[in-house]
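As structure tokens, the structure follows; a few thoughts come after it.
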Amino acid sequence: MKEIPGKRKTENGKRQSEEESRKSVLQPATRNQEAWRLGLRLWCLVLSAWFLTLFSCSESPVDTVYFDFSGDHGVFIVNEGNFMYGNSSLSFYNPGTKRVYNQVFQARNGVPLGDVAQSMSIWKNLGFIVVNNSGKIYVVDSQTAEFKGSISGLSSPRYVHVIDSEKSYVTDLFARKVTIFNPTTFQVTGFIPVGNSNSEFSQHSTEQMIPYKNLVFTNCWSYDNKILVINSDTDQLVDSIEVFKQPNSMVIDRDNKIWVLSDGGFEGSPFGYEQAGLLKIDAETHEIERTFRFNKNDRPLNLCINPTKDTLYFLNRHVWKMAVTEKHLPEKPFITSKYTSLYGGFFSLAIDPTNRDVYIGDAIDHRQNGLVYRYNTSGKLIDSFKAGISPGDFAFITE
Amino acid sequence: MKPIKRTHIRLGFKIILCSLFIWSFADDLYAQKLTDTISLHEVKILGKRKMAEAALHITHIDTLELKMMKTLTISELLSSYSPIFIKSYGRGSTATASFRGTAPSHTQLYWNGIKLNSPMRGDVDFSLLPVYFIDDISLLYGGSSIKSGSGALGGSVLIGNKPDWTDKLSIRYIQTVESFSTKKEYLNVGFGNGRFQFKTRLFSDDSKNDFSYFNYGVLPMHQTVQKNAGYSKQGVLQEIYTRMKSHFFSAKLWAYQSHRNLPQLMSFEGDVRKETQDDQNLYGVVSWKHHTQKSKLEWLVGVNLNDINYFRSSTEAGFVNFDSRSREHSYTNQIDFDWNPSEFLNLNWNINSSYHQVSVLDRAQKLGYEHNRFELSLLNSISIQASSEVSLSLLSRSELYDNHLIGFIPSIGLEYIPEKWSSSSVKLNLARNYHQPGLNDLYWLPGGNPDLKPEDGYTGDLTFGYSYKKENSNISGQLSGFASLIENWIVWQPSANGAYYWEASNMKKVFARGLEIQLSVQKIIAKTILVNLKGNYSHSATSNLNAVPSVDESRGKQLIYIPKDKANIFAQGNFKAWYVKVNAPFTGKRYTSSNNVESDYEKVLNPYWLINLTAGKMFEFKPVRMDIAINIENLANTDYMAILWRPMPGRYYSITIQFQYKK
């Protein structure tokens, strides 16, 4: 190779000058072309960094949380969640320690509760949680929340009522039957058909249940105005009582009178619209003894009764109470709702059977953790705590 | 959780990684000719159009991208190549858009000038629009969307069809066979000459959609197969074009039907349900255009007919729970006059009248409503080239719907192109826009509110664009920041008086803001390798400003199901007749509660990347061209959820064969 004058000869002499000659060719390269290369390299760096991060994240499994709710009595709160979101949940509140545990079912069992949990009933040490839009009932241990079994294959289940250790009923919104299952083995053993082929509406839906002697009374609220009477020895439908449109809740008092609260439907409803009302029915004769009517825009719901079964409570924007002997609806609310805006408000109501505390669920906008207020029997606020989305039902541990 | 197999994939990617590094350092200074096999469509005279688009924030998704996504729907196209977030319920399922953090009804879709949004719901199901049926697609962002119509608080999407006057006779057939018993077929026949074009497109898409997944929503958790998620779609598009001297006439008819089975959530264990949705769409548009040297007059008549039937029954009980039929008929009549009195000025007037007839009845629930609505919209638009560097656009719309008049819907745009750097630009847009309440919001029974006010918003955006072209390379990018304040946003909330049904009200005040970045690089390496890289990223925070009363924790929080971050990376390499493409969309975290709660159990939808890989080869047997491609979707077998408790498929495959004949 020819020596280039003025260049130091080294081991890499050849290579050096080649590089230099190449550089001289590159000299006229424009700034834009350099920017080009830089841009392309940056791109590749971004891509490689991205590729590397792709597999570096993984979700770590969540540990099981163990609960012990034995001892002091407490209350399970069933949070509905949003329809088709699958985000319902179970909470537990200990009134003694004023401590709330949320997401109890999932924390203990590792799977979600399901879509739209409607209600919970406790029988012996078992809690039956009805998950309406998942078509099943989850059974848990009421002291530990551990999964014990499930009754699946249901259509749109609503409430459970246990008759004895071999028979239990579950009502349904769409199936036109009451399903019978064994609360010990969790097997479905039969059903009671309650279809009404004479109506153009899908009847009858069945909702809450009230036992009286060997009968079970159930209300039919969806485009309906009946209370059905079932003989729980024979599992046969024996009678039906016509009430005000859309009966949504019922209780039985100390005189064996069944109280039925109806919301009357809604403006433009194909089934009709009337003022909301409250009825008192004799459980023995099935006769209506007294009626009460609300105002045109009232929408009362969630009828409850105190442990001594002499005082009724219900929601109608505020919380109202009245003695079973009253001849008129109450004029002033028992607990006033602070809501004045277009949404929110008291969503659910329950009375603690052991100490008569009043629990009120507030769903706020139904898209976030709801609030539960706890008042004592004189109407004084004792506590409030955050639960799950749309806290709709309460199940008290009494044993 | 589903186990992810990573070992061989890691190796594969290391190889791709290395190749990319090599390319980045390649010495590449050769004068090149760009070789491409993309057929060029006729390009209209730029002068007038460019003036009309001056100072508007508009982007076009180019033909290369359309070609790439040929066998998919517009929802996948927008998801990959635009900042619009698409919320999809899964393969073949409903897909709605969120543009700059707004609601689905705030993204408007126009097909050849007619609006396709549902007058009842206000939104568009983008999964019912095959990419194969469109020839071009553009986006108008924020206030610039007032050019196409009002109500697009996020922006609007414009899709269209145009003739290829060079086509004498062409036939194209594409068949795709995919996992889960999926088969797609497309046939396109066109003939004509320089004055007349006739084109028919047919397609069908069927799938059992029975993918396997791990169900962790029930006890015991187990591997299972998706049930009742199959779908079947068919469509036809007929186009006729003719031109003579200064007149241009076109007629287009789009007919589409889809039958979809709707699967249940992972936690469902109830009585077997049959839940289906059937859609039938018919869109038609007839247009006559008259050009002179300085002006263009267009008269357009369109029809948009939609039928949706939603059905649910429990099989064992045999009882129908829901059987809802909705029908929407919309008729449009539009006159558009565009005039360039000088090369520095463009004036445009547009008057659009639409008549909607809607009815819905649920035969099981016995509920429904009917309504007719008449709408009139007038656009005044001025675009001025104020100086060699600055151009201005002033738009003003007036709208009349039912008996409501919205007199002034303005949009001001400013564009600055520095003379020294003419391939870059800065655009600013400020606008006030209104969105009419949908007919469901007003009249649905129960809960509709006939006293609803229109949603209204102020929006602004600022965009920097840059492009650089050379013989063998091409780079372009855009960075845009936006902010909108929308008031009277309509929400459905549980009734205040305690009724079990929900009601519509002008509840919310929403503040949406963010930025969008798009970057595109094209390069030829070593004369024969064409490399194409594209990326886009958008960040949009959308928060609720109303939170009354004080216990409401949703104030300032991100709206449900709208991710803050969304991105897409695309890379393609062409070598002679071979090509490899990688498409990787990213979806950020989405909250499912209005207070954005996050815990081990309170579900937040986690962010995820997907990787889709395609490899193919083109063959030429003149005059027929053939193309075979193998596609792998979700290459990394990512376990993710787009919708809470709905499973998504893992890795799956398809093979596509395409035949094209052109005389």
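Residues that are more than 15 Å from the chain's Cα centre (by Cα) and closer than 17 Å to A:Val62 by Cβ within the range A:77-112 comprise A:Tyr101, A:Ala107, A:Arg108, A:Asn109, A:Gly110, A:Val111, listed in sequence order.
Would you say A:Ile360 is modelled with pLDDT of 95 or more and under 30 Å from B:Ser554 (Cα atoms)? Yes: the conditions hold for A:Ile360.
Of all residues in the range A:96-116, those that are more than 9 Å from every other protein chain (Cβ to nearest Cβ) and touching an Asp or Glu at 6+ places or on another chain (Cβ under 7 Å) total 4. All conditions but one from (1) touching a Lys or Arg at 6+ places or on another chain (Cβ under 6 Å); (2) assigned to a strand (DSSP E or B); (3) open to solvent by 50 Å² or more (accessible area, probe 1.4 Å) apply to A:Lys321; the one that does not is (1). Any chance the range B:372-379 includes a residue that's in contact with a His (Cβ under 7 Å, 6 or more places away or on another chain) and part of a strand (DSSP E or B)? Yes, some residue in the range B:372-379 is in contact with a His (Cβ under 7 Å, 6 or more places away or on another chain) and part of a strand (DSSP E or B). In a residue-by-residue description of the range B:637-658, the property of being in contact with a Gly (Cβ under 7 Å, 6 or more places away or on another chain), assigned to a strand (DSSP E or B) and surrounded by 15 or more Cβ atoms within 10 Å (Cβ to Cβ) applies to no position.
Kindly indicate the residue of the range A:333-382 that is among the aromatic types (Phe, Trp, Tyr) and more than 7 Å from chain B (Cβ to nearest Cβ) and also nearest to A:Thr311 (Cα to Cα) among those meeting that condition. Once the filter is applied, the top-ranked residue is A:Phe334. Filtering the range B:504-528 to residues that are of a type outside the set (A, V, I, L, M) and either within 26 Å of B:Lys589 (Cβ to Cβ) or more than 8 Å from chain A (Cβ to nearest Cβ) (or both) leaves B:Asn506, B:Lys508, B:Lys509, B:Phe511, B:Arg513, B:Gly514, B:Glu516, B:Gln518, B:Ser520, B:Gln522, B:Lys527, B:Thr528.
The set of residues in the range A:140-153 that are more than 8 Å from chain B (Cβ to nearest Cβ) and either surrounded by 20 or more Cβ atoms within 10 Å (Cβ to Cβ) or in contact (Cβ under 8 Å) with a residue 60 or more places away in the chain (or both) comprises A:Val140, A:Ser142, A:Gln143, A:Thr144, A:Ala145, A:Ile151. A single entry from B:Phe249, B:Phe214 fulfils the requirement of being surrounded by fewer than 21 Cβ atoms within 10 Å (Cβ to Cβ), more than 26 Å from the chain's Cα centre (by Cα), of a type in the set (A, V, I, L, M, F, W, C) and within 30 Å of B:Ile114 (Cα to Cα): B:Phe249. Please verify whether the range A:124-134 includes one or more residues that are of a type in the set (Lys, Arg), open to solvent by less than 30 Å² (accessible area, probe 1.4 Å) and more than 10 Å from chain B (Cβ to nearest Cβ). No, every residue in the range A:124-134 fails to be of a type in the set (Lys, Arg), open to solvent by less than 30 Å² (accessible area, probe 1.4 Å) and more than 10 Å from chain B (Cβ to nearest Cβ). It is to be established whether one or more residues within the range B:529-536 are touching a Pro at 6+ places or on another chain (Cβ under 9 Å) and either of a type outside the set (Lys, Arg) or within 10 Å of another protein chain (Cβ to nearest Cβ) (or both). Looking through the range B:529-536, at least one residue is touching a Pro at 6+ places or on another chain (Cβ under 9 Å) and either of a type outside the set (Lys, Arg) or within 10 Å of another protein chain (Cβ to nearest Cβ) (or both). Would you mind stating whether B:Lys233 is modelled with pLDDT of 95 or more, more than 30 Å from B:Ile409 (Cα to Cα) and not β-branched (Val, Ile, Thr)? Spelling it out, B:Lys233 is indeed modelled with pLDDT of 95 or more, more than 30 Å from B:Ile409 (Cα to Cα) and not β-branched (Val, Ile, Thr). Residues in the range A:307-319 that are away from every other protein chain (no Cβ under 12 Å) and in contact with a Leu (Cβ under 8 Å, 6 or more places away or on another chain): how many? Residues meeting the conditions: 2. A count restricted to the range A:189-203 and to residues that are open to solvent by 90 Å² or more (accessible area, probe 1.4 Å) and assigned to a loop (DSSP other than H, G, I, E, B) stands at 3. For the range B:360-389, residues that are β-branched (Val, Ile, Thr), surrounded by 15 or more Cβ atoms within 10 Å (Cβ to Cβ) and out of contact with any Gly (no Cβ under 8 Å at 6 or more places or on another chain) total 1.
For the range B:339-359, a residue qualifies if it is more than 27 Å from the chain's Cα centre (by Cα) and buried (at least 19 other Cβ atoms within 10 Å of the Cβ), and the qualifying residues are B:Asn340, B:Asn346.
Taking the numbered list (1) surrounded by fewer than 19 Cβ atoms within 10 Å (Cβ to Cβ); (2) more than 9 Å from chain A (Cβ to nearest Cβ); (3) under 22 Å from B:Ser98 (Cα atoms) in turn, B:Tyr608 passes all entries but (1).
Selection of the range A:243-288 for residues being assigned to a strand (DSSP E or B), over 30 Å from the mean Cα position of the chain (by Cα) and either within 13 Å of chain B (Cβ to nearest Cβ) or farther than 17 Å from A:Thr311 by Cα (or both) yields only A:Ile288.
The values are calculated or read from the model by the stated rules, or taken from the named source; none is laboratory data. Computed from a prediction, not measured in an experiment: that's the story for all the values here. FYI the Cβ positions are ideal-geometry reconstructions off the backbone, even for glycines, and counts take in every protein chain you see. Surface areas here come from the heavy atoms of the whole protein model, side chains and all, with no ligands, DNA or RNA. Shrake-Rupley method; radii C 1.70, N 1.55, O 1.52, S 1.80 Å.
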